[in-house]
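Colleague: Shown below is the structure under consideration.
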Amino acid sequence: MKVISVVGARPQLVKLAPIAAAFGRTGHRHVIVHTGQHYDADLSDVFFSGLGIPDPDVHLGIGSGSHGVQTGRILAAMDPVLAEEQPDWVLVYGDTNSTLAGAVSAVKQHFRVAHLEAGLRSFNRRMPEEHNRVLTDHAADLLLAPTGEALRHLTNEGLADRTVVTGDVMVDVCLQVRDRVLAGGHPRPELPDGIDPEQPYLLATLHRAENTDDPARLASLVEALAGLPVPVALLAHPRLVARAEAQGLKLAQGALHVGRPVGYAAMVAAVLGSVGVVTDSGGLQKEAYLLGRPCTTLRSETEWLETLDGDWNRLVPDPATLGTQTWVDTATRPAPATPTGTPFGDGRAAERVVETLERWLDGRTG
Ligand code: UD1
């Protein structure tokens, strides 16, 4: 069996790591196509080296652009790659512009498409990711769902007979890296200047268009974070840095200490060293849950509803409307006493993905 993985953005590289490792334990041919949607070393190269992912076989070098330009360029560049490789499966990941373009190029050329992390829904149609995931799910031949909740959404959309629940591959990688970090004696996490890793700190990220691209909203979120009574380590995505600069907004103020994005093991170490996480990232909400740190999510909804159970994750659409004390109490609340469950699977999802691709290629489903 020959499988092409199409990846391009940071969260896809994290998901690719356990998949590439699982393919490495089989005789199947696994071809990695990097679209180049993310090109900064911080967002791309460190994940290949840090997570032991083989170098991409093909690099499309697409780079940034408006949604239409970026998606269109990837789509056009994928066509000859798939025609040349003639894969048995094209595997697309998550919900980025690279996901949608990879899926559309493949289905138009009659290659089988499998969508990893299928069935997530925010029901917020202002999010570019929501369009990408809905369109990809409906185009794909096989939907690899991480959770029962994802299966429920796909069933509601009439897609149950194309769906297999495999568990979430991010559990595979998160737990493996956690064990490595802990076995290494819990190295000091790489944190921005001004954060003492021995003292309580919150870990924060902010990159979603709905938070970064409206100047008033971004200023209000930065003010809320800067006003917290605990130092906040903000690992700033280039999009956040670019938008803040364009708006003349200073990120490093009050409690906020700004650093660059870090590699995966450093991120896991930074979460483990923190007293809690404040974020708008989907992946980090789950990593906080898996690593047992309370999370505050700066959005009005989450695709990962399971993280809300037991108050491990709390949605705060707008800190300014909470009132200062409630916001502080929320962001600095201690870890709940209720233990977390295992709604995202057992850490063997990548193997199940490979087995499912084998089975469905033979025409056996279920
Ligand atoms: C993309 C995904 C989002 C995912 C995120 C993870 C889409 C629609 N969104 O958002 O779902 O959560 O990746 O990070 O695909 N930039 C750089 N260097 C880079 C990449 C981007 O400086 O290597 C800057 C550019 O200013 C660019 C902006 O970030 O215009 C946005 O990048 P883009 O890839 O379009 O979207 P993300 O915000 O990263």
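Colleague: State all residues of region 305-347 that are hydrophobic (A, V, I, L, M, F, W, C), without any contact (Cβ under 8 Å) to a residue 40 or more places away in the chain and surrounded by 14 or more Cβ atoms within 10 Å (Cβ to Cβ); if no residue qualifies, say none.
Modeller: Leu308, Trp312, Leu315, Val316, Leu322
Colleague: Please work out if Ala266 is touching a residue at least 40 places away in the same chain (Cβ under 8 Å) and either outside any helix (DSSP H, G or I) or under 27 Å from Glu198 (Cβ atoms) (or both). Steps first, answer last, please.
Modeller: Numbers: touching a residue at least 40 places away in the same chain (Cβ under 8 Å): yes; either outside any helix (DSSP H, G or I) or under 27 Å from Glu198 (Cβ atoms) (or both): yes.
The answer is yes for Ala266.
Colleague: Scan region 249-284 residue by residue and report those that are farther than 17 Å from Leu221 by Cα and not small (Gly, Ala, Ser).
Modeller: Matches in region 249-284: Arg260, Pro261, Val262, Tyr264, Met267, Val268, Val271, Leu272, Val275, Leu284.
Colleague: Given (1) near the ligand (Cβ under 10 Å from one of its atoms); (2) surrounded by fewer than 17 Cβ atoms within 10 Å (Cβ to Cβ), where does Asn132 come up short, assuming only one miss?
Modeller: It fails just one condition, (2).
Colleague: Of everything in region 216-245 that's surrounded by fewer than 19 Cβ atoms within 10 Å (Cβ to Cβ) and within 16 Å of the ligand (Cβ to nearest atom), which residue is farthest from the chain's Cα centre (by Cα)?
Modeller: Glu245
Colleague: Within region 246-265, can you find the residues that are within 16 Å of the ligand (Cβ to nearest atom) and not polar (S, T, N, Q)?
Modeller: Ala246, Leu249, Leu251, Val258, Gly259, Arg260, Pro261, Val262, Gly263, Tyr264, listed by residue number.
Colleague: Of the residues that sit in region 35-52 and are farther than 20 Å from Ala209 by Cα and among the aliphatic types (A, V, I, L, M), which one is nearest to the ligand (Cβ to nearest atom)?
Modeller: Filtering region 35-52 for residues that are farther than 20 Å from Ala209 by Cα and among the aliphatic types (A, V, I, L, M), the one nearest to the ligand (Cβ to nearest atom) comes out as Ala41.
Colleague: Which one of Ala209, Ala118, Ala140 is assigned by TED's automatic domain parsing to the domain that holds Val14 and either under 16 Å from the mean Cα position of the chain (by Cα) or among the hydroxyl-bearing types (Ser, Thr, Tyr) (or both)?
Modeller: Going through Ala209, Ala118, Ala140 in turn, just one is assigned by TED's automatic domain parsing to the domain that holds Val14 and either under 16 Å from the mean Cα position of the chain (by Cα) or among the hydroxyl-bearing types (Ser, Thr, Tyr) (or both): Ala118.
Colleague: Answer yes if at least one residue in region 10-31 is more than 28 Å from Leu361 (Cα to Cα), touching a residue at least 24 places away in the same chain (Cβ under 8 Å) and within 12 Å of the ligand (Cβ to nearest atom), and no otherwise.
Modeller: Checking region 10-31: at least one residue is more than 28 Å from Leu361 (Cα to Cα), touching a residue at least 24 places away in the same chain (Cβ under 8 Å) and within 12 Å of the ligand (Cβ to nearest atom).
Colleague: While we're on this one: In region 251-278, how many residues are among the polar types (S, T, N, Q) and surrounded by fewer than 24 Cβ atoms within 10 Å (Cβ to Cβ)? Show your work before the answer.
Modeller: Step one: filter region 251-278 for residues among the polar types (S, T, N, Q), giving 253, 274.
Narrowing further to those that are surrounded by fewer than 24 Cβ atoms within 10 Å (Cβ to Cβ): 253.
Residues that pass the stated criteria total 1.
Colleague: Now, a different point. Being under 17 Å from Thr307 (Cβ atoms), buried (at least 22 other Cβ atoms within 10 Å of the Cβ), of a type in the set (S, T, N, Q) and in contact with a Gly (Cβ under 9 Å, 6 or more places away or on another chain), is that true of even one residue in region 144-164?
Modeller: Yes, the conditions are met somewhere in region 144-164.
Colleague: Give me the residue from region 114-124 that is at negative phi and crowded, with 23+ Cβ neighbours inside 10 Å and, out of that set, nearest to the ligand (Cβ to nearest atom).
Modeller: The qualifying residue nearest to the ligand (Cβ to nearest atom) is Leu120.
Colleague: Here's something else I'd like to know. Within region 122-201, considering only helices (runs of 4 or more DSSP H) that don't extend past its boundaries, which have at least 3 residues that are at pLDDT 95 or above and under 29 Å from Gly263 (Cα atoms)?
Modeller: 128-139, 169-183
Colleague: Looking at region 58-110, which of the residues that are more than 10 Å from the ligand (Cβ to nearest atom) and assigned to a loop (DSSP other than H, G, I, E, B) is farthest from His138 (Cα to Cα)?
Modeller: The qualifying residue farthest from His138 (Cα to Cα) is Gly61.
Colleague: Inside region 249-278, can you point out the residues that are touching a Cys at 6+ places or on another chain (Cβ under 9 Å) and of a type in the set (Gly, Ala, Ser)?
Modeller: Gly276
Colleague: Kindly indicate whether Asp55 is part of a loop (DSSP other than H, G, I, E, B) and within 11 Å of the ligand (Cβ to nearest atom).
Modeller: No.
The values are calculated or read from the model by the stated rules, or taken from the named source; none is laboratory data. Source: prediction; values computed, not measured. Cβ coordinates were reconstructed from backbone atoms using ideal geometry, including for glycine residues, and neighbour counts include every protein chain displayed.
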